[in-house]
Each structure stands twice: as C-alpha cells, then as structure tokens.
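Step one of this worksheet: look at the structure below.
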Amino acid sequence: MGWISMSERDLKRIEVLSEVRTGRRTVAAAAAVLAVSERQAYRLLARYEVDGGSGLIHKARGRISNRSMNEGIRQYAVELVKTRYPDFGPTLAAEVLLDKHELRVGRETLRRWMMADGLWLSRMQRRTFHQPRLRRESYGELIQIDGSDHRWFEQRGEPCTLLVFIDDATSKLMQLRFVASESTAAYFEALDGYLKTHGCPTAFYSDKHTVFRVGKQDAKGGSGMTQFGRALAELNIEILCANSSQAKGRVERANRTLQDRLVKELRLAGICEMSAGNAFLPGFVERFNEKFSVPAVKTENMHRRLNVQASHLADILCHREQRYVGQQLSLAYDRKQIILERSELADKLAGQYVELYDFTDRPLEVRWKGHSLPYRVFSKDQRVSHTAIVENKRLGHALALVKAQQDLKYQPIVKTNSEKTGYKKDPRRVYGPDYEPKSAKVDAVEMPV
C-alpha cells in the first residue's frame, strides 16, 4: 500500500473516530465536534471500521467532475481564442464566443483555460514593479513640479489647484501656490515667485501635461515648445517630462501628505479662500521642511543667480506669439481683431510679423523689434468658445467661467396676455349699510341760450 494524501479535515475525523472506538467519546459528541449529523457520524464510523483511515477520504477524489465540460469543447474554445481573438480578455472573449459561435462558456472557466495555455496572465503575473530611484546629490539640481486638484478648503470654499515645487535631493517644499486651475499663466506666477526666492535651478521635472510638453511633436506649425518651455529656455533652465507618475513619486507622495496635513491646518486657521491660503503657505512650508526635509548628499547649491531685470523677467514670463499684419494694418488674436494705429512705423508693417505680449496683470502689448505699437480692438468676445477643447485639469475652472457667463446673460421677460392688453382685475365689491354707489362723472356741457 502506497502513500495516501489526506487533508486536515480527514486527519481530524480519524482522531475523533478513534476516540469513539476506544469508548472515550460518544457518537453524538463526535457528530458535534465534526459538525455533521449523528447519522453521518455513524456512516463515517462504519467506513472507518471497515477500510481504516483511507475510508474517510472523499470518494470523488481524483475523478472528473460531473459538471466539467467536454475536452473537445475546451480545445475548440481555446483554439478560437488563440487564432481569432488573441488580444481579447476572458470576459469579452466569453461574450464573443456566445454571440459569434453559439458556444456558452463561463467567464472564469475560460479564464482558467486561457491561463493554462498561456493566453492570459493573472493579476499577480501582470504586476509591475518600479525600482526606487536614488535622490539627486545636490540641492537645486532637480525640482519636481506638479499640480494637485483638491478641495483644499473642504466645504468652506470652492475646489482649486495647489502648485507644488519640491527639491528632489532634500524633499524640501520650494514653492506652494493656490491657483484656480493648472494653466500656463498659473505656472508663470509660481515660477516668478520661485526664481525671486531661490534663483534658477538646473532642471524641472514634470509630467506630460500640455503646459510643459507639445502633445503633437510632428506639428507643422509652432516652435515645437510650449510657452512655459520657451520661458525656461530663455532662462537657461531645462524641463524634463516623466514617463509615469511613479517616476516623479517624490512630488506625488508630497501631494498625498499635503492633502492630509494642509487641509486640516487650513481648517484650524479658518481659511476658506485662495488669497488667504497663499498668505498662509509660507509659514506652513517652513514648518513642513523642518519636519520632513533631509540633508543632501553634497553641500553644493546648484541654484544660479537670476541675472534678469524685473521688467525683462515679466516679458519672459508671459504668453508671447507672432502674428501677421494684413494690408489694413489688422491682425487676429484670441478671437479679437486688433487694428494698429496709423503712424510712420506702423504704415511700414503691412505684410510683416509683429510679436504680441499677453500679460496677466496688464493689457496686451504689440511690439516690433522692441518698439511698442499703439492699437485698438475692433471686436471683443470674452465668452468661452463653443465646442472648445478643455483639458481635464482645467475642466472645473472652465465650467465656473461658463456658469458666470450664463448668470450674466440677459433673461427675456415673458408677459402674459393680460399684461400685454393692459387688463386689470376688478376687485370683488362688498355691499354694506354704508355703501354709496359711485356715479359716473359727466363733463359739463355749455348749452347755447
């Protein structure tokens, strides 16, 4: 007789039934311990007395289940998936087999068949592992930037976005700023504060947001870089884009920590708007860095001094585009028609390109070789363009603008027919003892004598 594999339940049955045979336990007590009926306990005892411990093993062990499908059906289903639907998942493949081939196979059954033939990987097999990246060695060598859209003021205020600048070497928060949405103008404001406080770092590390990277690299028009990338190029700062969120995990983990600690501190301070929140952030950053920052491997500071005048820095950190001047000294920009004022210089610019400087805090400027040109706006439309393409990170801000525009829109007054004809309802008259009928006034008529 060879080896017999037994489960823990079978071993427990042998132990309890042995006690019944020796008289140390009754059949009723054995049934209670084994969680079976008393009749079943007598059956188990009889099998144990006849066949010993091997008699307690389930009789269906090693046999094919009565509910199992035919091997030919299994081979046919797997062959169909392998030849016609190799990139289908088990759920979709089961639906297609039923619709196209009238072959009903359970989703989990088909999953097991596909895994056995190497056509599908389990969730454990599909796991990907991101190896940790060592920190940069010097302070200011790499600054990770990201925007976190969250209800920072909970229900006390509207949701907004927090722009986060964090040093990769020390995990220091370099710049925090509350903005309405993650846009180029918002990053320009945050970058202006960063440069004036710390100087120019070696490089910024961001995601693939269109603020930092042109989505269509083979575009025929444009300079091949975004407005933010153009500004960094003029400041001699490199911008690098991460291929995944895990690659810039430093700032992602900081966002998660801020969404816990900063929200609670804003609640304790009673802050419910962005302007008060931006005034609160410098003190919070100082306390945060004292608690969570780590020393860099090298003591060298890689920040370079900002050798740019304030006026020139404003020209860099703005939206700049070139526009063609027509024969009528007009050009189009931002759904507006701009007409240059007649002058000796402007009359020569027909057929030339001028540069537009769109600032966030002052009016638009039109320049040609450094000379500012006076202009007037012929048409102006401030509405959000119908069917405009809005990015996911700016959707909340765009919807707020649309709602404000709809609230200001003129609402026509609809009049009823009575209001149109001037009809006025005659009130109900009450006749009492003091009632005096009103006599109609008759104008006096002069009678000839």
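Worth a mention:
- Condition met for Glu252 (under 20 Å from Val211 (Cβ atoms) and in contact with a strand residue (DSSP E or B) (Cβ under 9 Å, 6 or more places away or on another chain)): yes
- Note on the stretch 147-197: residues that are open to solvent by less than 10 Å² (accessible area, probe 1.4 Å) and acidic (Asp, Glu) amount to 3.
- Candidates Ala185, Ala169 - the one that is assigned to a helix (DSSP H, G or I) and touching a residue at least 12 places away in the same chain (Cβ under 8 Å): Ala185
- Per-region count, the stretch 19-31, residues part of a helix (DSSP H, G or I) and surrounded by 14 or more Cβ atoms within 10 Å (Cβ to Cβ): 6
One line per residue, one yes/no per condition, for (1) surrounded by 15 or more Cβ atoms within 10 Å (Cβ to Cβ); (2) assigned to a loop (DSSP other than H, G, I, E, B):
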{"position": "Gly229", "(1), (2)": "yes, no"}
{"position": "Asn236", "(1), (2)": "no, yes"}
{"position": "Arg256", "(1), (2)": "no, no"}
{"position": "Asp260", "(1), (2)": "no, no"}
{"position": "Glu265", "(1), (2)": "yes, no"}
{"position": "Phe288", "(1), (2)": "yes, no"}
{"position": "Asp315", "(1), (2)": "yes, no"}
{"position": "Arg323", "(1), (2)": "yes, no"}
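- Criterion: open to solvent by less than 100 Å² (accessible area, probe 1.4 Å), in a helix (DSSP H, G or I) and at pLDDT below 95 - qualifying residue of Val294, Val251: Val251
- Asp260 being charged (D, E, K, R) and modelled with pLDDT under 90: no
- Test: residue in the stretch 84-99 that is open to solvent by less than 30 Å² (accessible area, probe 1.4 Å), touching a Pro at 6+ places or on another chain (Cβ under 8 Å) and either free of Cβ contacts under 8 Å to residues at least 40 places away in the same chain or over 20 Å from Arg123 (Cβ atoms) (or both): no
- Restricting the stretch 325-368 to residues that are touching a residue at least 40 places away in the same chain (Cβ under 8 Å), open to solvent by 30 Å² or more (accessible area, probe 1.4 Å) and within 26 Å of Tyr187 (Cβ to Cβ) leaves a set whose member that is nearest to the chain's Cα centre (by Cα) is Thr360.
The values are calculated or read from the model by the stated rules, or taken from the named source; none is laboratory data. What you see is a predicted model; the values in this text were computed from it and never measured. Glycine gets a Cβ as well: all are built from the backbone with ideal geometry, and neighbour counts include every protein chain shown. We work out accessible area using only protein heavy atoms, side chains counted, and drop any ligands, DNA or RNA first. Shrake-Rupley method; radii C 1.70, N 1.55, O 1.52, S 1.80 Å.
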